[in-house]
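Some notes on the structure that comes next.
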Amino acid sequence: MSDEATPDAPTTDGDDPGDSQDQSRGDDDRKRHQRHHLLLSFRQAGRAHAVPIDPRRFPLKTGSLVVVETDRGLAIGRALAPPTPTEEIDYSRHVRKVVRPAREPDLLAHAEGKAREPDLLRQARGVVKRSRLRMKVVQVDHQAIGNKLTVYFAAEKRVDFRQLVKELSQ
């Protein structure tokens, strides 16, 4: 006797229990390869940014600190929720990707940069006053990981602030 199927042999149309196991295994594979996003923020009560993420590579939970690549360099963000499966989402234009979970040196550099912000704010305001620039420095944001400083200001008209940049960069 041969084990070959004959044209008269019955075919399975998904009624076979083995087929459902194969099908559920396919569903599991789809879930594992499904796109995920991470909601994160850079400040207390700050705006949430959605970033694509592979949860197998970065198993994060709410409150996890991560190093992310932004349009202004590397920064540390806080996960607002665990990675979430997604179909369609508008990702943040400012946050490009999660680089890694934050490590101790990242956290130290971040804390040192944030501790310097009040002094940098006073320094920026002093330069504006000495240079008689018609602007008000509102806030500074130090990104220690990339060693960058962003100065937020308000002005009624266009301002040539090259002198401010020159003095603050020294």
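The values are calculated or read from the model by the stated rules, or taken from the named source; none is laboratory data. For clarity, every value in this text was computed on a predicted model and none was experimentally measured. Glycine gets a Cβ as well: all are built from the backbone with ideal geometry, and neighbour counts include every protein chain shown. Heads up: the accessible areas ignore ligands, DNA and RNA and are worked out on the full protein's heavy atoms, side chains in. Shrake-Rupley method; radii C 1.70, N 1.55, O 1.52, S 1.80 Å.
Accessible area of Ser169, 1.4 Å probe, to the nearest 10 Å²?
Counting only protein heavy atoms, the figure is 90 Å².
Taking the Cα centre of region 119-170 as the origin and placing charges on Cβ (Lys, Arg +1; Asp, Glu -1), which of Thr150, Val137, Gln170 is farthest toward the positive end of the dipole?
The listed residue farthest towards the positive side: Val137.
Using the per-residue mean of other Cβ atoms lying within 10 Å as a proxy for protection, in what order, highest first, do the peptides 124-134, 149-159 fall?
Output ranking for 124-134, 149-159: 124-134, 149-159.
Could you work out the local net charge near Leu65, counting Lys and Arg as +1, Asp and Glu as -1, over the other residues with Cβ closer than 9 Å to its Cβ?
On the way: positive: Arg78; negative: Asp106.
In short, 0.
Show me 99-112, 47-60 ranked by packing, highest mean number of other Cβ atoms within 10 Å first.
Descending packing order for the listed peptides: 47-60, 99-112.
What net charge do the residues around Gln139 carry, taking every other residue with its C-beta under 14 Å from that of Gln139, with Lys and Arg at +1 and Asp and Glu at -1?
So the surrounding residues net to +3.
Near Ala155, within a Cβ-to-Cβ distance under 9 Å, what is the net charge of the other residues, with Lys and Arg +1 and Asp and Glu -1?
That sum, taken over residues with Cβ under 9 Å, equals +3.
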